[in-house]
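Here's the structure we're looking at; comments come further down.
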Amino acid sequence: MRSTRSLPLTSLAAAALLAGCGAPQAAEQEITPVREWRIGTAEHIALWYHGLAYTARAANPTTSPPGAPPAPPATADTLPPLPLYRPGYVDSMTALKRAAGVYPTELDERADEFAREFESEAAYSALHFLPLYFRDADALFGAIRVWHQAGGDPRRVTGAAAQAVAFLSSLFRTERQRDAVTAWANVLLAESRAFYHAHWQARQPELAAVASAVTAEWQSVADSLADFLLFARLRGGELFLVPALGPEGRIVTRGVQQPRIAITTPPAGRPRDALWPFIHELIYPLAAETVQEYLAPVRIRELGETAITSRAALRAGALLVDRVLPADGAAYRRFFLEGAGHEPPAGPEEVDAAFTRAFPVPPELEAGLQEIVRQALAGI
């Protein structure tokens, strides 16, 4: 995962992608920047992360087959402090597929294959963010289809499709990568037909109710975060609740007409839990900049850029919540302690100490995070 949480994408290309790329068409007109966060769901985004949850499970199984060699030790940069996907998610989907009589699907059968491919080259890290640049399934899968048909050459198509081809080729530069991403998209489309679309439709009433409840929780705290949102230039955008995601979310801010964030779907009856990964993602870009400013490049490499940036965002989010929502500081910390597999202590002071131990940052970086939060709330 890239610590910037954003892919290199020009404004024109973003407009083209979000408008849809099934055939050449004019780019979308610029829109007035939004001044609020819209919270909801999107099937194509949920489907994409549903699939990636399978590859993550295949790449990091809980147990090894008998006689298999031991897995290589994880490094700081390959093991984020928080799960990228919800633990137990794939098992729950497998149970539903068995009950529906559709197990195994092609995704089940080929997850290991794609996991090996996606682990083989750093370029595939872009897959963690790609669906957030597309408005719907037609735009996402249509762009990949046209890109493959054009052999990755934007000169072979025109209009918005050319922008999409250029964008995808800037991320996946080799023929092998293009073939793998296209095959991946086709497997996801097959998964949708065999299982996921019907599953998604059945869950829509429940997910809509959760989104409405999360919206109410967000509206109750948005005014308290107004100065921070203005400072961070994140006054509005789109937040997507994604069942497959773990406590580590995704955010894209550059090259799009409005920021887009994907976070885990909170449990029924606990909509306020969505605020903590939301705030973590909102502060992530500032935390990433602070890491680069306060730590030397060699130190970042030692700590692992992905791991230290995620921890920095967690710690900065805690500082922000303490300042603007002081009654919720312990709830924020408990959420991420539980998400990282730690048992939170009972008392607030013990929770704070456990949080600091679980997500350590160098003292100089901690000072930088305190300063950036102070600036954000001072309106500097």
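Just a few scattered comments:
- Scanning the stretch 125-134 for residues that are open to solvent by less than 10 Å² (accessible area, probe 1.4 Å) and assigned to a helix (DSSP H, G or I) gives Ala126, Leu127, Leu130, Pro131, Leu132, Tyr133.
- Residue in the stretch 311-319 that is part of a helix (DSSP H, G or I), of a type in the set (D, E, K, R) and buried (at least 19 other Cβ atoms within 10 Å of the Cβ) present: yes
- For the stretch 323-363, residues that are touching a Pro at 6+ places or on another chain (Cβ under 9 Å), surrounded by fewer than 17 Cβ atoms within 10 Å (Cβ to Cβ) and assigned to a loop (DSSP other than H, G, I, E, B) total 1.
Quick grid of which residues meet (1) open to solvent by 20 Å² or more (accessible area, probe 1.4 Å); (2) within 30 Å of Ala99 (Cβ to Cβ):
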{"residue": "Asp136", "(1), (2)": "yes, yes"}
{"residue": "Arg155", "(1), (2)": "yes, no"}
{"residue": "Phe167", "(1), (2)": "no, no"}
{"residue": "Leu171", "(1), (2)": "no, no"}
{"residue": "Gln177", "(1), (2)": "no, no"}
{"residue": "Ser192", "(1), (2)": "yes, yes"}
{"residue": "Gln201", "(1), (2)": "yes, yes"}
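- Criterion applied to Arg315, Arg333 was being in contact (Cβ under 8 Å) with a residue 40 or more places away in the chain and among the charged types (D, E, K, R), and the one residue passing it is Arg315.
- Test: residue in the stretch 219-240 that is open to solvent by 10 Å² or more (accessible area, probe 1.4 Å), of a type outside the set (Val, Ile, Thr) and under 19 Å from Leu52 (Cβ atoms): yes
- Under the condition of being part of a helix (DSSP H, G or I) and open to solvent by less than 10 Å² (accessible area, probe 1.4 Å), the residues counted in the stretch 138-153 number 6.
- Of all residues in the stretch 97-124, those satisfying the criterion of being loosely packed, with under 14 Cβ neighbours inside 10 Å, of a type in the set (Gly, Ala, Ser) and part of a helix (DSSP H, G or I) are Ala99, Ala100, Ser120, Ala122.
- Residue check, Tyr294 open to solvent by 50 Å² or more (accessible area, probe 1.4 Å) and hydroxyl-bearing (Ser, Thr, Tyr): yes
- Pairs meeting the criteria (first residue in the stretch 177-204 and free of Cβ contacts under 8 Å to residues at least 60 places away in the same chain, second residue open to solvent by less than 20 Å² (accessible area, probe 1.4 Å) and β-branched (Val, Ile, Thr), beta carbons under 8 Å, at least 6 apart or on different chains) are Val181/Ile144; Thr182/Ile144; Ala185/Ile144.
- Residue check, Thr94 in a helix (DSSP H, G or I), within 30 Å of Val361 (Cβ to Cβ) and either small (Gly, Ala, Ser) or modelled with pLDDT of 95 or more (or both): no
- Any hit, the stretch 128-136, residues being farther than 16 Å from His44 by Cβ and in contact (Cβ under 8 Å) with a residue 12 or more places away in the chain: no
The values are calculated or read from the model by the stated rules, or taken from the named source; none is laboratory data. Values in this document were obtained by computation on a predicted structure and should not be read as measured data. Ideal geometry is used to build each Cβ from the backbone, glycine not excepted, and the neighbour counts take in all protein chains shown. Just the protein is used for accessible areas: all its heavy atoms, side chains included, with ligands, DNA and RNA removed. Shrake-Rupley method; radii C 1.70, N 1.55, O 1.52, S 1.80 Å.
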